[in-house]
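The block underneath contains the structure these notes are about, expressed in structure tokens.
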Amino acid sequence: DVYEEAFGQTSYHFLHKGNAFLVVDTELDHGEIAGEQLEYVRAALDRARQDRRARRVFVFSHKLLWSVNRPQFEVVFKHLNSPSGYATTDNYVTDVLPLLRTVASVKPVYWLSGDVGCSWSLPAFYGTESSSDITYIAVGIGDTPRDGVLRCRIPRDGRATFDFLPLSGDEPQPVATYDVDHWNAHFQR
């Protein structure tokens with residue numbers, strides 16, 4: 001309530017330079033996008049899908065809702081900063097993913113999240129939906145030697161590209177390096 005009084009709604013969207021941006025508040029509704037926020041997300045995604053000026057759609061969240069109860073992202077969910085506050089339902093798969101797939105049928109969708117980066121978790125993740133043009137990226141800073149930030153390059157036309165920039169001074173790597181296979185191998189060591 002205090003935040004909303006000072007700054008406005010915690011979910012919002014806007015269009016900037018040919019890109020639609022949607023910020024969702026994953027701290028509401030017990031770790032789901034539900035109720036009024038789900039209706040807001042539905043309307044914002046529909047607007048982004050129909051808007052010819054929007055060539056790409058970026059969704060931002062703290063929690064990695066897209067990893068809950070999804071076998072292909074199990075290694076990510078197991079290595080979050082904390083599973084506390086995450087719903088155990090399939091709300092993302094049943095309610096949100098179909099909306100994203102509708103958008104992704106006409107333009108790429110990128111979902112960027114945090115909630116990783118602590119010493120026991122992973123610093124960066126990259127994954128895609130096998131059946132649609134949806135990309136998931138997670139990056140977090142947890143005061144560890146593996147900390148890094150995400151650099152996104154958005155060409156006038158075409159796909160966005162992402163690099164993980166280690167704060168240690170090591171060479172930047174395409175964030176796609178940090179996929180499911182990378183983390184499955186890493187955590188099996």
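Please count how many residues of segment 1-25 are open to solvent by less than 90 Å² (accessible area, probe 1.4 Å) and either without any contact (Cβ under 8 Å) to a residue 40 or more places away in the chain or among the acidic types (Asp, Glu) (or both).
The total comes to 13.
Among (1) touching a residue at least 40 places away in the same chain (Cβ under 8 Å); (2) open to solvent by less than 10 Å² (accessible area, probe 1.4 Å); (3) in contact with a Leu (Cβ under 9 Å, 6 or more places away or on another chain), which single condition is Arg56 missing?
Result: Arg56 passes all but (3).
Among the residues that make up segment 124-131, is at least one of them of a type in the set (Ser, Thr, Tyr), open to solvent by less than 40 Å² (accessible area, probe 1.4 Å) and closer than 12 Å to Val175 by Cβ?
The answer is no, given that none of the residues of segment 124-131 is of a type in the set (Ser, Thr, Tyr), open to solvent by less than 40 Å² (accessible area, probe 1.4 Å) and closer than 12 Å to Val175 by Cβ.
Within segment 59-73, restricting attention to residues that are under 17 Å from Tyr12 (Cα atoms) and in contact with a strand residue (DSSP E or B) (Cβ under 6 Å, 6 or more places away or on another chain), which residue is most open to solvent (accessible area, probe 1.4 Å)?
Ranking the candidates gives Phe60 first.
Could you give me the residue pairs with C-beta distances under 8 Å whose first residue belongs to segment 166-184 and is touching a residue at least 12 places away in the same chain (Cβ under 8 Å), whose second residue is open to solvent by less than 60 Å² (accessible area, probe 1.4 Å) and part of a helix (DSSP H, G or I) wherever it lies, and which are 6+ apart or on separate chains?
Every condition considered, the pairs that remain are Val180/Phe73; Val180/Val75; Val180/Val76; Trp183/Val75; Trp183/Val76; Asn184/Val75.
With respect to Tyr40, determine if the residue is under 27 Å from Thr161 (Cβ atoms) and surrounded by fewer than 19 Cβ atoms within 10 Å (Cβ to Cβ).
no
Got at least one residue in segment 139-154 being without any contact (Cβ under 8 Å) to a residue 60 or more places away in the chain, out of contact with any strand residue (DSSP E or B) (no Cβ under 6 Å at 6 or more places or on another chain) and under 18 Å from Arg56 (Cβ atoms)? Talk me through it step by step, then tell me what you get.
Applying the first criterion (without any contact (Cβ under 8 Å) to a residue 60 or more places away in the chain) to segment 139-154 yields 139-141, 143-153.
Right, trim to out of contact with any strand residue (DSSP E or B) (no Cβ under 6 Å at 6 or more places or on another chain) and you get 140-141, 143-147.
From what's left, under 18 Å from Arg56 (Cβ atoms): none.
No, segment 139-154 contains no residue that is without any contact (Cβ under 8 Å) to a residue 60 or more places away in the chain, out of contact with any strand residue (DSSP E or B) (no Cβ under 6 Å at 6 or more places or on another chain) and under 18 Å from Arg56 (Cβ atoms).
Is it the case, given these coordinates, that Val149 is farther than 26 Å from Gly35 by Cα, surrounded by fewer than 19 Cβ atoms within 10 Å (Cβ to Cβ) and not basic (Lys, Arg)?
yes
Give Asp170, Asp143, Asp163 a once-over and let me know the one that is more than 21 Å from Tyr92 (Cβ to Cβ) and surrounded by fewer than 12 Cβ atoms within 10 Å (Cβ to Cβ). Quick ask: steps written out before the conclusion?
Numbers: Asp170 fails: surrounded by fewer than 12 Cβ atoms within 10 Å (Cβ to Cβ); Asp163 fails: surrounded by fewer than 12 Cβ atoms within 10 Å (Cβ to Cβ).
Exactly one residue qualifies, and that residue is Asp143.
Being of a type in the set (Val, Ile, Thr) and surrounded by 15 or more Cβ atoms within 10 Å (Cβ to Cβ) is the filter; apply it to segment 82-105 and report the residue that is farthest from Thr135 (Cα to Cα).
Keep residues of segment 82-105 that are of a type in the set (Val, Ile, Thr), which gives 88-89, 93-94, 96, 102-103.
Then keep just the ones that are surrounded by 15 or more Cβ atoms within 10 Å (Cβ to Cβ); that gives 89, 96, 102-103.
Values: Thr89: 22, Val96: 14, Thr102: 14, Val103: 12 Å.
Across segment 82-105, the extreme among qualifying residues is Thr89.
The values are calculated or read from the model by the stated rules, or taken from the named source; none is laboratory data. All values derive from a computational prediction rather than experimental measurement. When we count neighbours, we look across all protein chains shown, and the Cβ atoms used for this are built from the backbone with ideal geometry, even at glycine. Protein only, heavy atoms only, side chains kept; ligands, DNA and RNA dropped before computing areas. Shrake-Rupley method; radii C 1.70, N 1.55, O 1.52, S 1.80 Å.
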